[in-house]
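Okay, so here's the structure we're looking at.
The values are calculated or read from the model by the stated rules, or taken from the named source; none is laboratory data. Note that the coordinates shown come from a computational prediction; the quantities given were computed from them, not determined experimentally. Here the Cβ positions follow ideal geometry from the backbone for every residue, glycine too, while neighbour counts run over all protein chains shown.
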There are 2 protein chains.
Amino acid sequence: MKKDTEVNMMHGAGGEVMGELLQTLTAFKHNNAGGIGLESLDDGSTFDIGGKTVVLTTDSHVVKPIFFPGGDIGRVAVSGTINDLSVMGARPVALTCAMVIEEGFPIADLEKIVASMDEALGECGASIITGDTKVVEKGSLDGIVINTAGVGVVDADSYLIRDRALAIGDKIIVSGTLGDHGMAIVAYREGFDLGDQLKSDVAPLYAMIHGAVTAAPKGAVHAMKDPTRGGFAACINEMARKAGVKVVVEQDAMPVRESVASAGSLLGIDPLQVANEGKCVMGVSADAADAVLAALKKHPYGKNAVIVGEVVEGSGVVMRTRIGGERFIEPPMGDPVPRVC
Amino acid sequence: MKKDTEVNMMHGAGGEVMGELLQTLTAFKHNNAGGIGLESLDDGSTFDIGGKTVVLTTDSHVVKPIFFPGGDIGRVAVSGTINDLSVMGARPVALTCAMVIEEGFPIADLEKIVASMDEALGECGASIITGDTKVVEKGSLDGIVINTAGVGVVDADSYLIRDRALAIGDKIIVSGTLGDHGMAIVAYREGFDLGDQLKSDVAPLYAMIHGAVTAAPKGAVHAMKDPTRGGFAACINEMARKAGVKVVVEQDAMPVRESVASAGSLLGIDPLQVANEGKCVMGVSADAADAVLAALKKHPYGKNAVIVGEVVEGSGVVMRTRIGGERFIEPPMGDPVPRVC
């Protein structure tokens, strides 16, 4: 395949094509501060301060529209950063917030966004402690870009969790219904308004995840990741590939809302390939899976948590269909829903 | 004055008008993690991990053009973050890099930007350990936005330095010539090419600042800040206001290159009101000022360092002119040079 000379939309989709651009963007020689570095492409990176493992992560948010059923760009920004820290076993401590704002942007909308970010912070005990504001000329930006970076600490009651340590025999748990965020965004853009039938799941998951991780013996959660861009399909394939294992999931077990499945059929979009903003995917030691599942289900954001499959020898991700067949769950090449976060 | 209902260019200028927008953007209730918080509007904020003081900062960069005499957006992004940490007495450890890229952006330009960021990191021993990439449709962004957030640690040989602790009798030191970056950007935009006569000073200052801070008795550097948007004028006024003191500087001592002064006259722009990206402003105990100055001058980035004035009782910032008069140095209301960083 000819190498692209310009950035295209596929490069930002979280799918396979993105890898090509990432080769350029991760070419830093200075890419590691003594822990997990940039080259790992995990949800966050790590280094040590005063004997503690610190997790650092960043995301810039360009979701369009900025207000949508179930949330807004502010809630997406805070939740995205909180969740990247939480899936690595860290407690979110301090966040940054940098906004680039187009001239003419309504200040009332900024007020709503700040209030929404604040509410999400309040759900998990984290704070935005520093920020930056840039204003650019009308026409040189489509509204607003919000970057949040976050620092978390791996506390003594938790442990560092990677996305790459699935082990043979692990149960795969998803913390709730899949595809809600991406499908809500695209349906809203297409002019459907299905109210509560189809809305984003965007939520900060620290409390839910911390409860689940500490409900099982230390180390029992082998791997965790949040299925954002590229959805469950991209997430579970990355987890399987990094661990050198095969994942088998049961179609009947996959939690997809009827409204999301219907919208997906109508729009020709696979709910497993679109972003979630309030879910996590875990690989858990089989003997601890029930305890982790029970803890997830105790939290409102995890009430639909379910074991969807298990880890076996081999490679790739397959789904056993209800008529007894098997089909591969492929990572999306691009993304059917650009600007989803 | 009627409160604006929309964001305008003045809001992003680093000048006085920006304060109005900042009231909205700093309305977070969750704004502090046990140290210096968002409400302080210092160069960075702090919290503790494992008994160490950690400094956190963020900046999004929208400089236009992205390549300019003396630097590029990548060097500005890394240097800006390094310098925010350094002026607070911290050693830069780990940075994040989040890019929002317009569809069609040349990959060769990304490669140049990454190489430039890497070079700046190498100058100060810091690393970019995590990142994010978003691609947006052509026309919805003017090129690229780069956010860098950074984590630094206040080591035992240093100490936390604020922007607000100027004390009566302190000497004011600037680490080199003023206005180079902002004037280079605006002159280049206007079509002047003066080569080495007029180029940005963008540079990562950790080594220079660390050398200066540790050359004097602990605590002798009372206050420090980097004079970015709004230039020296905005910076020194903020420092004086926060400390409740008056600063008097000598016109003859102010280090401004002839080329910068000439371009300023031609364009009607005050060199003291435009951004620097490789300078710091310090308030130093009088008995330690010579030692700090000598240490600054030993480093290439500080070779033009000079004592420009001192702190007295009162308020505001005045400049004694060479004919014996006095005039106020006012903080700019807006900014003569938008998108300078």
May I ask you to say which residue of A:SER285, A:SER262, A:SER315 is surrounded by fewer than 24 Cβ atoms within 10 Å (Cβ to Cβ), free of Cβ contacts under 8 Å to residues at least 60 places away in the same chain and not charged (D, E, K, R)? A:SER262
Answer residue from the range B:4-36, given it is of a type outside the set (Gly, Ala, Ser) and within 19 Å of the chain's Cα centre (by Cα) and is nearest to A:ALA94 (Cα to Cα) among those: B:ILE36
Within the range A:275-291, which residues are among the β-branched types (Val, Ile, Thr) and either at pLDDT below 95 or touching a Ser or Thr at 6+ places or on another chain (Cβ under 7 Å) (or both)? none
Taking the condition in the same structural domain as A:PRO300 (by TED's automatic domain parsing) and closer than 17 Å to A:VAL93 by Cβ, does A:PRO217 pass? no
Tell me, please, whether a residue that is under 30 Å from B:ALA90 (Cβ atoms) and among the basic types (Lys, Arg) can be found in the range A:41-58. yes
For A:GLU119, state whether it is modelled with pLDDT of 95 or more, among the charged types (D, E, K, R) and farther than 25 Å from B:VAL55 by Cα. no
Residue check, B:VAL317 part of a loop (DSSP other than H, G, I, E, B) and either over 28 Å from B:THR214 (Cβ atoms) or in contact with a Gly (Cβ under 7 Å, 6 or more places away or on another chain) (or both): no
Of (1) closer than 27 Å to B:LYS297 by Cα; (2) of a type outside the set (S, T, N, Q); (3) without any contact (Cβ under 8 Å) to a residue 12 or more places away in the chain, B:GLY191 fails just (1)
Among the basic types (Lys, Arg) and not in a loop (DSSP other than H, G, I, E, B): is that true of A:ARG322 in this structure? no
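Residues are listed down the side, and each one gets a yes or a no for (1) more than 30 Å from A:VAL337 (Cα to Cα); (2) not basic (Lys, Arg):
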position: B:GLU137; (1), (2): no, yes
position: B:THR148; (1), (2): no, yes
position: B:SER158; (1), (2): yes, yes
position: B:ASP163; (1), (2): yes, yes
position: B:ALA167; (1), (2): yes, yes
position: B:LYS171; (1), (2): yes, no
position: B:ILE209; (1), (2): yes, yes
position: B:VAL213; (1), (2): yes, yes
position: B:VAL221; (1), (2): yes, yes
Take the conditions farther than 18 Å from B:ASP226 by Cβ and among the hydrophobic types (A, V, I, L, M, F, W, C) and apply them to B:LEU25. Does it pass? yes
For the range A:33-74, give me each residue that is in a helix (DSSP H, G or I) and at the interface with another protein chain (Cβ under 8 Å from one of its Cβ atoms). A:LEU38
Condition set surrounded by 19 or more Cβ atoms within 10 Å (Cβ to Cβ) and acidic (Asp, Glu), scope the range B:153-179, selection farthest from the chain's Cα centre (by Cα): answer is B:ASP170
Would you mention how many residues in the range B:271-287 are in contact with a Gly (Cβ under 9 Å, 6 or more places away or on another chain) and assigned to a helix (DSSP H, G or I)? 4
Checking B:SER200 against (1) within 21 Å of the chain's Cα centre (by Cα); (2) surrounded by 24 or more Cβ atoms within 10 Å (Cβ to Cβ); (3) not assigned by TED's automatic domain parsing to the domain that holds B:ALA253, which test does it fail? (3)
Give, as residue ranges, the helices (runs of 4 or more DSSP H) completely inside the range B:176-270 that count at least 2 residues that are among the polar types (S, T, N, Q). B:258-267
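Residues are listed down the side, and each one gets a yes or a no for (1) within 14 Å of A:CYS280 (Cβ to Cβ); (2) out of contact with any His (no Cβ under 7 Å at 6 or more places or on another chain); (3) at pLDDT below 95:
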site	(1), (2), (3)
A:VAL136	no, yes, yes
A:ALA156	no, yes, no
A:GLY179	no, yes, no
A:ASP193	no, yes, yes
A:VAL202	yes, no, no
A:TYR206	yes, yes, no
A:ALA216	no, yes, no
Look through the range B:161-175, keep the residues that are part of a strand (DSSP E or B) and of a type in the set (A, V, I, L, M), and return whichever of them is nearest to the other protein chains (Cβ to nearest Cβ). B:VAL174
Residue check for A:ILE161: touching a Pro at 6+ places or on another chain (Cβ under 6 Å) and under 30 Å from A:GLY283 (Cβ atoms): no
Let me confirm something: among B:LEU85, B:LEU141, B:LEU95, B:LEU121, which residue is touching an Asp or Glu at 6+ places or on another chain (Cβ under 6 Å) and of a type in the set (A, V, I, L, M)? B:LEU141
Subset of the range A:318-333 (residues that are exposed (fewer than 13 other Cβ atoms within 10 Å of the Cβ), in contact with a strand residue (DSSP E or B) (Cβ under 6 Å, 6 or more places away or on another chain) and among the hydrophobic types (A, V, I, L, M, F, W, C)): A:PHE328
Considering only the range B:90-99, I want to know if a residue exists there that is surrounded by fewer than 23 Cβ atoms within 10 Å (Cβ to Cβ) and without any contact (Cβ under 8 Å) to a residue 60 or more places away in the chain. no
